[in-house]
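Below you'll find the structure, written out as structure tokens, and then a few comments.
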Amino acid sequence: MNSYDNAHYIGSQENPYLVLIDVFDTGVMYCEIHPDTEIIYGAAFSGCSKLSYISIPEGVRGIGAYAFAWCETLSEVELPESVKIIGEYAFLDCHSLERITLPSSVETVEKWAFAFCKRLSVISFSDDSRLKTIGDYAFYSCIYLESFEFDRMDELSSVGYAAFAGCSALDTVTAPEGTVRFGDAAFLGCDVEDLID
């Protein structure tokens with residue numbers, strides 16, 4: 001096991017910092033992630049209630065399950081163009097997170113990834129988004145989210161069960177390109193009446 005700034009890592013002889021596995025303690029307020037990191041392991045920052053900002057360096061490909069769950073004061077996250085997967089429950093209950101930019105590299109937002117991010121009002125995408133799958137309950141009960149730009153996602157194929165359920169402020173949803181399968185109750189409890197062309 002190796003250490004860098006406020007976190008522990010495991011890896012190989014070639015890259016000792018391949019996987020960030022956890023922080024020294026959940027009281028950390030800041031953590032600089034090693035630039036050689038490729039994976040943020042499941043629950044690595046889970047419950048770090050004083051962590052308010054995190055910058056994830058270029059080269060990180062995956063954010064594991066529960067990686068930042070219950071980081072109650074986390075208000076800003078910078079995701080690099082290398083991230084492909086945002087794991088299940090990754091940002092669950094991050095009550096202070098107000099905006100997130102999903103880079104074009106992200107292909108999967110797994111189930112419950114941003115559920116109960118109650119202040120999340122803006123989700124930004126690049127024009128060349130490669131997002132393919134939005135999992136069940138992915139944005140469940142993001143009560144300040146007002147719009148979602150499906151038309152920026154040419155490769156999107158499925159939106160999971162109740163993915164946006166409980167997003168009570170959601171009233172503008174632009175129509176996606178191609179054929180997208182929407183799960184049952186995808187917009188349950190929203191003001192969305194139809195997809196806008």
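Looking at I85, I143 in this structure, which one is aliphatic (A, V, I, L, M) and either within 14 Å of the chain's Cα centre (by Cα) or buried (at least 19 other Cβ atoms within 10 Å of the Cβ) (or both)? Answer to the check: I85. For A186, indicate whether it is under 16 Å from the mean Cα position of the chain (by Cα) and surrounded by 19 or more Cβ atoms within 10 Å (Cβ to Cβ). When the stated conditions are applied, A186 does not pass them. The combined condition, being touching a residue at least 12 places away in the same chain (Cβ under 8 Å), touching a Lys or Arg at 6+ places or on another chain (Cβ under 7 Å), farther than 21 Å from Y137 by Cβ and surrounded by 19 or more Cβ atoms within 10 Å (Cβ to Cβ), is not fulfilled by I33.
Just a yes or no: is a residue in the range 55-72 open to solvent by less than 30 Å² (accessible area, probe 1.4 Å) and of a type in the set (S, T, N, Q)? For the range 55-72, residues open to solvent by less than 30 Å² (accessible area, probe 1.4 Å) and of a type in the set (S, T, N, Q): absent. T108 passes every criterion in (1) open to solvent by 10 Å² or more (accessible area, probe 1.4 Å); (2) modelled with pLDDT under 95; (3) touching a strand residue (DSSP E or B) at 6+ places or on another chain (Cβ under 8 Å) apart from (2). Summed over the range 1-25, residues that are among the hydroxyl-bearing types (S, T, Y) and in contact (Cβ under 8 Å) with a residue 24 or more places away in the chain total 2. Checking each residue in the range 39-54 for being open to solvent by less than 60 Å² (accessible area, probe 1.4 Å) and part of a loop (DSSP other than H, G, I, E, B) picks out G42, A43, A44, F45, S46, G47, C48, S49, L51, S52. With respect to being more than 18 Å from the chain's Cα centre (by Cα) and closer than 24 Å to D93 by Cα, A169 fits the description. From the list A163, A175, A186, the lone residue that is of a type outside the set (K, R), under 17 Å from F91 (Cβ atoms) and in contact with a strand residue (DSSP E or B) (Cβ under 9 Å, 6 or more places away or on another chain) is A163.
Taken over the range 1-26, the criterion of being out of contact with any Leu (no Cβ under 9 Å at 6 or more places or on another chain) and under 23 Å from G47 (Cβ atoms) is satisfied by M1, N2, S3, D5, N6, Y17, V19, L20, I21, D22, F24, D25. Of the residues making up the range 88-105, those that are out of contact with any Lys or Arg (no Cβ under 8 Å at 6 or more places or on another chain) and either among the hydrophobic types (A, V, I, L, M, F, W, C) or open to solvent by 60 Å² or more (accessible area, probe 1.4 Å) (or both) are A90, F91, L92, C94, R99, I100, T101, L102.
The values are calculated or read from the model by the stated rules, or taken from the named source; none is laboratory data. Keep in mind the model is a prediction, meaning the values are calculated, not measured. Quick reminder, even Gly has a Cβ in these numbers, built from the backbone with ideal geometry, and neighbours come from all protein chains shown. With ligands, DNA and RNA removed, areas are computed over all heavy atoms of the protein, side chains included. Shrake-Rupley method; radii C 1.70, N 1.55, O 1.52, S 1.80 Å.
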